[in-house]
Each structure stands twice: as C-alpha cells, then as structure tokens.
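Input: a single structure, listed below in structure tokens.
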Amino acid sequence: MNEIKLNITIKHYQLDELSADDRELVERAVQATYNAYAEYSHFYVGAAVRLADGSIVIGANQENAAFPSGLCAERTALFAAQANHPDQSVHTLAIAARNDNGLLDDPVSPCGACRQVILGVEDRYKQPIRILLYGKKGVYSVMSAKDLLPLSFVDSSMK
Ligand code: THU
C-alpha cells in the first residue's frame, strides 16, 4: 500500500496586503453581491474575474422558483466572460458573499459544480486561475482550481 499525500497551499491575506489589482477585484466581487437575485436562499454571492487583458467581468447568483434553474455567481461570471471575451484567458477569480446580516466573516468557498467549471476554464486556456476567497476576517488565495478539486476530471481524463 502506498499513500499519496497532496500538498495544497492556501495563502491568508488581510485586504490591505493584496496588490491594488487584487484588491480592486475583491471589491468588485463584494459590489457584485448586490446584483444577486437570491429571493429564496437570501445568500448573495458576487464573483469578479480578471481577464488576460486586465478587464473585469462580474457575476452574481441568480435564483429561480424552480431551484435547479438558478446559477451560482462564479459560473455566471465565468460564462459571461467566455461568451463576451472568448479570446481572453481568465487569470484571477474573486468571490464574496453576504447574507441578511452582512458580509460573511470567513472566506466563502465555491461549490463543487463551480470548482469543476473553474477547472474547465483553466483547461480550456491552459492557464491556472488564481482564486481569491473573501471574508471579513481575511482573503484566502489559491493558485489554481486544482488546489480546490484534487483528483479532478478534465478533458484528458477521457483519453
Ligand atoms: N452559491 C453561489 O453563487 N456560489 C457558490 O459557490 C455557492 C452557492 C449560490 C447558489 C444559491 O443561489 C445560493 O448561493 C445558496 O446556495
């Protein structure tokens, strides 16, 4: 029997320790929480993606009375980015969330389906996506969706 040990690094920053670009991206994710349509969960998630050319595309969760028809903030942002700027790879994704009591204290973490989509975008552009998870207590940073989704399923898994 062999053991495989995985090594994942999560950097924990205070907001003022981030670069100006990253802080801007996190702030855009926070603002994007106000674009959420979360009538059912009252959980408002914002996402902001920084593209290779430096531009920013935002997304926010959109819910529907038929629950599965809604979509998470991360995927609205990533799909909008690819639909509007298909030639631009995604460099960084920032996520923030609040509930009816305000912004979350702890960094918010993407759901499994969003992790899979982030990974798919990395695979498409052959470019790791840095992920910034905002919470009032600080910002977690990981270098790739692979750090959030080990043993993942990608295109090459089928070959
Ligand atoms: N949600 C997101 O937007 N992103 C996540 O990664 C987790 C969950 C949304 C989906 C739904 O509208 C609400 O949060 C509650 O699950």
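The values are calculated or read from the model by the stated rules, or taken from the named source; none is laboratory data. What you see is a predicted model, and the numbers here were worked out from it, not measured in a lab. Using ideal geometry, Cβ is built from the backbone for each residue, glycine included, and neighbour counts are taken over all protein chains shown. For the accessible areas, the whole protein counts, side chains as well, though only heavy atoms, and no ligand, DNA or RNA atoms are used. Shrake-Rupley method; radii C 1.70, N 1.55, O 1.52, S 1.80 Å.
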Check your understanding: Given a 1.4 Å probe, how much area per residue of the range 24-159 is accessible, in Å²?
Key -> 48 Å²
**Study point:** Spin-label zone in the range 1-42 - amide nitrogen under 17 Å from a point set 7 Å from the Cα of Lys136 along the C-beta vector
**Key:** 14-16, 27, 30-31, 33-34
Review point. Helix-derived [θ] at 222 nm for the chain: sum -39500 (n - 2.57) over DSSP H runs of at least 4, divide by residue count, nearest 500?
Key: -8000 deg cm²/dmol
Review point. So, with +1 on the Cβ of K and R and -1 on the Cβ of D and E, and no other charges, what is the size of the charge dipole of the range 87-159 about its Cα centre, to the nearest 20 debye?
Key: 100 debye
Study note, to complete from the structure: Computed about the Cα centre, the charge dipole of the chain from +1 Lys/Arg and -1 Asp/Glu charges at the Cβ has a magnitude in debye, to the nearest 20, of 320 debye
Revision key, fill the gap. antiparallel share of DSSP beta bridges within the chain, to nearest 5, in %, is 85 percent
Review point. Which is farthest toward the positive dipole end of the range 37-110 among Phe43, Val108, His91, measuring Cα position about the Cα centre, with Cβ charges +1 (Lys, Arg) and -1 (Asp, Glu)?
Key: His91
Practice item. Express in Å², to the nearest 10, the accessible area of Lys126 obtained by rolling a 1.4 Å probe over the protein heavy atoms while all chains stay in place. Key: 150 Å²
